[in-house]
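Take a look at the structure below.
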Amino acid sequence: MDKLNNLPEADRLIDMSEVMHLTCMSRSSVYGLAAKNRFPQPINLSLGKSNRCSRWSYLQVQEWISEMTCNSNTRSLNYADKQH
């Protein structure tokens, strides 16, 4: 049973509402950061030219959140070091 706990989490596709919930960002912020390559790119599931069905990799979004948390902690530590 312990071996199951060490397996990587399975990826899944999530929609915009879940991305917004996980990141606490607005729709425009998500698309704006993605356009600047500062957020995972959406996966277009639409046929043809319309982009009406975009999804994101859950694992990529979680990785982005982890990176942002690490960067935030590093900035906080650097600021605290400068204060002493």
Exercise for the section: Restrict the check to the stretch 2-25 and report whether at least one residue is modelled with pLDDT under 95, among the small types (Gly, Ala, Ser), more than 26 Å from residue 71 (Cα to Cα) and surrounded by fewer than 10 Cβ atoms within 10 Å (Cβ to Cβ). Expected result: no
Practice task
Among the numbered conditions (1) modelled with pLDDT under 95; (2) under 13 Å from the mean Cα position of the chain (by Cα); (3) surrounded by 13 or more Cβ atoms within 10 Å (Cβ to Cβ), tell me where residue 54 comes up short.
Solution key: (2)
Exercise for the section: Six or more apart or on different chains, Cβ under 7 Å: which pairs go from a residue in the stretch 42-61 that's closer than 13 Å to residue 17 by Cα to one that's part of a loop (DSSP other than H, G, I, E, B) and among the polar types (S, T, N, Q)? Could you list them? Expected result: 53/46
Problem - Residues of the stretch 26-51 satisfying the condition of being more than 17 Å from residue 13 (Cβ to Cβ), of a type in the set (A, V, I, L, M, F, W, C) and within 13 Å of the chain's Cα centre (by Cα) - result: 33
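The values are calculated or read from the model by the stated rules, or taken from the named source; none is laboratory data. Not measured: the values here are computed from a predicted model. A quick note on method: Cβ atoms are made from the backbone with ideal geometry, for glycine too, and the neighbour counts reach across all protein chains shown.
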